[in-house]
Amino acid sequence: MAYDAAAGEQLSKHSRPERLKEGTLIVRLESSALAQELSMCKRTLMERMLADLGEPLVTDIRTRVGPLED
């Protein structure tokens, strides 16, 4: 998945993309510290996903904190 490749192994182990709605990717993270980390690097994540997907499907990333569902 484009998110996992863009986020890297460490961040993707503690987060899950929930849905994509009108260009906004909603990501659930296990902690507020990780949500802050993702928010600080979201531009880089979007650029990596663009390079992987070849089109700008993700124009923003929003975070939610909570338990990850498998």
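The values are calculated or read from the model by the stated rules, or taken from the named source; none is laboratory data. The shown structure was predicted, so the numbers you read here are calculated from the model rather than taken from an experiment. To get the accessible areas, we keep the full protein, side chains included, count just its heavy atoms, and leave off ligands, DNA and RNA. Shrake-Rupley method; radii C 1.70, N 1.55, O 1.52, S 1.80 Å.
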Legend entry - Residues whose placed amide H lies under 5 Å from that of VAL65, excluding near-sequence neighbours: LEU29
Inset, instruction - For the chain, report the accessible area per residue in Å² (1.4 Å probe, heavy atoms, rounded to an integer). - result: 66
Legend entry - Rounded to 10°, Cα long-axis angle of helix 42-53 versus longest principal axis of the chain: 50
Legend entry - Within segment 12-70, percent of DSSP bridges classed antiparallel, to nearest 5: 50
Legend entry - For the chain: relative contact order, % (alpha-carbon pairs under 8 angstrom, 6 or more apart): 39
Legend entry - Apportionment of accessible area to carbon and sulfur, the chain, percent (1.4 Å): 47
